[in-house]
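Worksheet: the structure to be examined is printed underneath.
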Amino acid sequence: MLRIVKLTKSYNGRELFRDVSFEFATTSSWSIVIIGRSGCGKTTLLNAVAGLEKADSGEVVNDFQSAFVFQDDKLIPWLTVLDNVTIGGVSALDAKESLRQVGLEGFEKRYPKKMSGGEKARVALARALVRKPELLLLDEPFSALDAITRTEMQRLVKTLQGALGFAILMVTHDLAEAESIADQILVLPGGRIYDAPFNESDLMKELGL
Ligand SMILES: Nc1ncnc2c1ncn2[C@@H]1O[C@H](COP(=O)(O)OP(=O)(O)OP(=O)(O)O)[C@@H](O)[C@H]1O
Ligand SMILES: [Mg+2]
């Protein structure tokens, strides 16, 4: 399970969030999306959940096998696609299977610089999925993509979630993206949680739009 209790974090005297709480009771295909304006602390919250950063107070209990897709794709330019996915001791067979799942069969020997943004986003996704996560943490993985490619990637993530069965905790600043992925939307800085089906005008009000 993943349980976040009253997480609070400030940087340099500026409070990013206070008493944020939420939980995933099971590894079943449940999705929580964190939304908020640029600089409100979304990445900081996700990093705290992943144990990459320490909150000032509160509790993180995470016994899910987790995998992270970072805000930039963080592919290693001098490694092929296959080597980017096998990094950290994953078998080539598993890596090829993950690349097939994200639609990149035949791309194994390519280098990142010869790929489109959408293709690189798929590699980053494959590199996370190959770890067979129970929880997939996604930090605006598609924000640099055009609208059509982004929609394709959102659908791919939901399809893979259904097929493979993992929970998603995702960050975005895009309301439509949040609605397309989420069962629950957590809005920063307040930390209030909205359940699907979403009332868009409530969410827009909460975001100050
Ligand atoms: N290590 C750090 N030290 C000091 N301040 C930091 C640190 N990391 C982040 N911040 C500040 O905390 C705030 C929140 O940063 P964060 O990266 O969590 O925002 P975000 O919501 O993910 O923004 P974006 O949507 O632009 O990615 C920003 O003002 C940032 O400058
Ligand atoms: Mg961020």
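The values are calculated or read from the model by the stated rules, or taken from the named source; none is laboratory data. If you're wondering where the values come from, they're calculated on a predicted model, not measured in any experiment. Cβ sites come from the backbone with ideal geometry, for glycine too, and all protein chains shown count toward neighbours.
Below, the figures for the structure above:
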quantity	calculated
Test: residue in region 85-94 that is at pLDDT 95 or above, closer than 19 Å to residue 50 by Cα and outside any loop (DSSP other than H, G, I, E, B)	no
All positions within region 171-184 that are more than 15 Å from ligand 1 (Cβ to nearest atom) and of a type outside the set (Asp, Glu)	176, 180, 181, 182, 184
In region 43-83, the residues that are within 9 Å of ligand 1 (Cβ to nearest atom) and within 18 Å of residue 128 (Cβ to Cβ)	43, 46, 47, 71
Qualifying residue in region 51-69 (condition: away from ligand 2 (no atom under 13 Å from the Cβ), part of a loop (DSSP other than H, G, I, E, B) and over 20 Å from residue 2 (Cβ atoms))	no
Hey, residue 178 within 30 Å of residue 9 (Cα to Cα), within 16 Å of ligand 2 (Cβ to nearest atom) and at pLDDT 95 or above or not	yes
Count - residues of region 184-199 that are surrounded by fewer than 17 Cβ atoms within 10 Å (Cβ to Cβ) and assigned to a loop (DSSP other than H, G, I, E, B)	6
Unique match (being more than 24 Å from residue 178 (Cβ to Cβ) and either in contact with a helix residue (DSSP H, G or I) (Cβ under 6 Å, 6 or more places away or on another chain) or assigned to a helix (DSSP H, G or I) (or both)) among 99, 145, 156, 125	99
Selection count, region 9-42, where residues are within 16 Å of ligand 1 (Cβ to nearest atom), assigned to a strand (DSSP E or B) and not small (Gly, Ala, Ser)	12
Count - residues of region 129-149 that are surrounded by fewer than 22 Cβ atoms within 10 Å (Cβ to Cβ) and either without any contact (Cβ under 8 Å) to a residue 40 or more places away in the chain or not polar (S, T, N, Q) (or both)	12
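For (1) over 30 Å from residue 117 (Cα atoms); (2) among the hydrophobic types (A, V, I, L, M, F, W, C); (3) in the same structural domain as residue 174 (by TED's automatic domain parsing); (4) out of contact with any Gly (no Cβ under 6 Å at 6 or more places or on another chain), each residue gets a yes or a no:
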{"position": "12", "(1), (2), (3), (4)": "yes, no, yes, yes"}
{"position": "18", "(1), (2), (3), (4)": "yes, no, yes, yes"}
{"position": "25", "(1), (2), (3), (4)": "yes, yes, yes, yes"}
{"position": "39", "(1), (2), (3), (4)": "no, no, yes, yes"}
{"position": "51", "(1), (2), (3), (4)": "no, no, yes, yes"}
{"position": "54", "(1), (2), (3), (4)": "yes, no, yes, yes"}
{"position": "60", "(1), (2), (3), (4)": "yes, yes, yes, yes"}
